[in-house]
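Chemist: Let me give you the structure first, and then I'll get to my questions.
A short reminder: the numbers here are calculations on the coordinates, not readings from a lab. Predicted, not measured: the structure shown is a model, and the values here were computed from it. Here the Cβ is made from the backbone with ideal geometry for all residues, glycine too, and neighbour counts use every protein chain on show.
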Amino acid sequence: MRFLSQSLVIAALALAAGGVLAVAPTPFTAPAMAQSGARNAGAEQFVGIQAQRALTILSQHRGDVASEKRLFHAFIDQVADVPRITYFVLGKYSRSISPPQQREFASVFREYASNVYESRLNEYHGETLKVTGSVARSPTDVIVQTLVSGGKLDQPVAVSWRVIAEGGGWRVVDVQVDGVWLAITQQQDFVSTIDNAGGNVQVLIDQLKRQVAKDDAA
Amino acid sequence: MRWVLIGLAGLTAAACGPVAAQAAAPGPAPAAPVVVADPSAAVYDPWERANRGLYSFNDGLDRAILRPAALGYKRALPRPVRTGVRNVLNNIAEPNVAMNDLLQGRVVLSSQSAARFVINSTVGIAGIFDVARPIGLPAHYADFGQTLGRWGVPPGPYLFVPVFGPSDLRDGAGRIVDGFASILSLHDLHVTTPYRVGISVVDGVDSRLALDSTIEQIKHTATDPYATERSAYLQNRRSMMINSKQAVDQLPSFDAPPAASAPRSGGHRSGSN
């Protein structure tokens with residue numbers, strides 16, 4: 001029963017709170033010789049800079065919940081590739097979803113994901129993050145490996161960040177802790193829900209809406 | 001116990017073919033990376049209907065007994081005492097870790113684990129204090145399911161076992177072997193059966209407590225908690241058995257969704273499409 005430690009929370013947290021300051025993305029540089037399996041310095045630098053920013057902000061305390069939430073949304077747009085993640089988590093159903101449903105899903109998924117991460121913002125206890133390496137699937141698709149330590153962690157925890165380069169900058173698309181990728185897990189959750197509704201995406205959308213309404217009321 | 005036997009039988013049937021094939025041709029890793037376009041292709045859950053039944057049964061059991069017991073345990077004992085209890089339980093399991101490290105050919109890790117056992121059992125007073133960690137011998141984990149995985153045994157069908165939680169045929173079988181290993185090492189320490197049962201109960205309660213925030217988080221946020229736990233379990237176990245290069249090659253593409261297949265006609269069928 002050792003899978004899924006509290007570290008899952010911390011990874012999401014680091015991603016979530018990472019850039020309450022809006023920043024220009026690190027310029028994307030793909031060396032000509034970069035290939036699958038090689039390290040990618042640009043991607044490592046991007047994760048290192050964003051993580052440092054995240055930890056700086058996490059260690060400060062703000063009173064104003066509403067402005068924190070606004071800054072948080074701005075950050076997500078800056079550092080994470082929200083459209084790509086939104087498309088990915090629908091799995092095979094991203095092919096068949098209608099454009100109006102797609103817009104509806106994108107809107108509710110954003111609220112849902114923000115609520116999940118926001119609820120964890122206060123779980124930071126001074127952990128620090130160090131980039132330890134990277135493995136490239138391609139010059140524009142890189143897994144950056146980091147080690148999170150300190151705070152309330154007994155032992156350092158390995159956290160990997162999947163970053164994709166497009167249009168001149170890197171963006172985070174997934175985070176892995178204890179071998180578990182958050183976006184992949186999210187996809188399997190959503191696809192299973194739609195499968196069990198006989199392929200009706202609206203059932204998932206409605207369920208997420210209820211969830212968001214409940215969280216906002218709480 | 002019946003689950004375990006079913007697991008063993010199934011494992012033998014399901015796994016022998018592929019294992020034999022892999023064992024016969026170890027060789028270097030294939031040059032072309034295997035790209036699994038759909039991560040849920042890695043989810044093999046042919047008994048989903050039964051598993052979901054056991055899952056909801058377990059949920060009731062958890063709300064009525066398991067979780068209250070875990071929270072009661074937390075209230076009854078201060079954190080340092082619980083840490084000491086956890087250390088003792090981990091120390092009892094340490095010989096099994098060392099054995100499995102060895103079976104996996106990880107000699108350095110195995111000797112670290114053996115050293116931890118000797119130091120913590122003596123200087124650490126029967127394992128209450130983890131004195132080995134601060135001197136550069138951090139704890140690590142190994143079990144027989146993991147060993148089987150590293151030998152090339154595929155996970156087989158996913159299993160949800162009440163009280164124990166997510167598993168699969170391979171890991172279920174591994175758990176029995178781990179159980180026997182634990183009985184043997186406790187036997188050597190002349191621990192009588194009632195105490196062994198007591199140790200298992202405390203182990204279960206403490207494990208449930210350690211997972212409490214994760215379980216509550218999943219129950220609160222997942223649209224399908226069963227599928228989410230299954231996904232997390234299978235990914236976590238898989239990550240223990242392959243190296244990082246393989247793991248990276250086998251990730252799904254973020255831009256090409258898997259081909260649409262027919263949705264379920266209703267009810268719970270397999271999640272492996």
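Chemist: May I ask which residue of A:N122, A:Q211, A:G169 lies farthest towards the positive end of the charge dipole of region A:98-218, with charges of +1 (Lys, Arg) and -1 (Asp, Glu) on Cβ and the Cα centre as origin?
Modeler: Farthest towards the positive pole: A:G169.
Chemist: Next question, about the same structure. If one computes the Cα centroid of region B:202-242 and of region A:134-182, what distance in Å separates the two points?
Modeler: Measuring centre to centre over Cα atoms gives 21 Å.
Chemist: For a Förster distance of 22 Å, can you work out the FRET efficiency between the beta-carbons of A:T132 and A:D154, rounded to the nearest 0.05? Let's see the in-between values first.
Modeler: Working: r = 19 Å, r/R0 = 0.85.
For A:T132 and A:D154, the calculated efficiency is 0.70.
Chemist: In addition: What length, rounded to one decimal in nm, is gained on full extension from B:V191 through to B:V123, with 0.36 nm per residue of separation minus their alpha-carbon distance? Intermediate values should be presented prior to the final figure.
Modeler: On the way: separation 68, 0.36 × 68 = 24.48 nm, distance 2.08 nm.
Contour length minus Cα-Cα distance gives 22.4 nm.
Chemist: May I ask you to list the lysines whose Cα is less than 19 Å away from that of A:K152, ignoring any residue fewer than eight positions away on the same chain?
Modeler: A:K130, B:K74
Chemist: Here is a follow-up. Shielding of B:231-243 by partners, i.e. mean partner chain Cβ atoms within 10 Å per residue? Spell out each step's value before the answer.
Modeler: Values: counts 10, 13, 4, 5, 10, 9, 2, 2, 8, 3, 1, 1, 0.
Average neighbour count from other chains, rounded to a whole number: 5.
Chemist: How do A:D216, B:D45, B:D143 rank when sorted from fewest to most other Cβ atoms within 10 Å of their own Cβ?
Modeler: A:D216, B:D143, B:D45
Chemist: Just tell me how shielded A:137-143 is by partners: mean number of partner chain Cβ atoms within 10 Å of each residue's Cβ, no decimals. Before the final figure, lay out the partial values.
Modeler: Values: counts 8, 1, 0, 0, 5, 1, 4.
That average works out to 3.
Chemist: Determine the dipole magnitude for region B:148-220: charges of +1 sit on the beta-carbon of Lys and Arg, -1 on that of Asp and Glu, nothing else is charged, the reference point is the Cα centre, and the result goes in debye to the nearest 20. The partial results should precede the final answer.
Modeler: Numbers: 6 positive and 8 negative charges, 33 e Å.
Computed about the Cα centre, the dipole is about 160 debye.
Chemist: Among all the aspartates and glutamates, which ones have a C-alpha under 15 Å from B:K245's C-alpha, if same-chain residues fewer than 8 places away are not counted?
Modeler: A:D141
Chemist: Here's something else I'd like to know. Report the local net charge at B:R82: Lys and Arg +1, Asp and Glu -1, summed over other residues whose C-beta lies under 9 Å from its C-beta. Spell out each step's value before the answer.
Modeler: On the way: positive: B:K74, B:R79, B:R86; negative: B:D206.
Surrounding charge for B:R82 is +2.
Chemist: Now for a separate question. Share of Cα-Cα pairs in region A:156-218 beyond 18 Å, in percent?
Modeler: Working: 1138 of 1953 pairs.
Above the 18 Å cut-off, region A:156-218 has 58 percent of its Cα pairs.
Chemist: Using only atoms on other chains, find how many Cβ atoms lie within 10 Å of each Cβ of peptide A:173-185 and report the average.
Modeler: Details: counts 2, 3, 0, 4, 2, 5, 12, 9, 8, 1, 3, 8, 11.
Mean number of neighbouring Cβ atoms from other chains: 5.
Chemist: Could you name the aspartates and glutamates whose alpha carbon sits less than 19 Å from that of A:K209, not counting residues in the same chain fewer than 8 places away?
Modeler: Correct list for A:K209: A:E104, A:E111, A:E118, A:D189, A:D195, B:D224.
Chemist: What nm distance separates the two modelled labels at A:D77 and A:Q202, each placed 7 Å from Cα along Cα→Cβ?
Modeler: In this crude label model, A:D77 to A:Q202 measures out at 3.0 nm.
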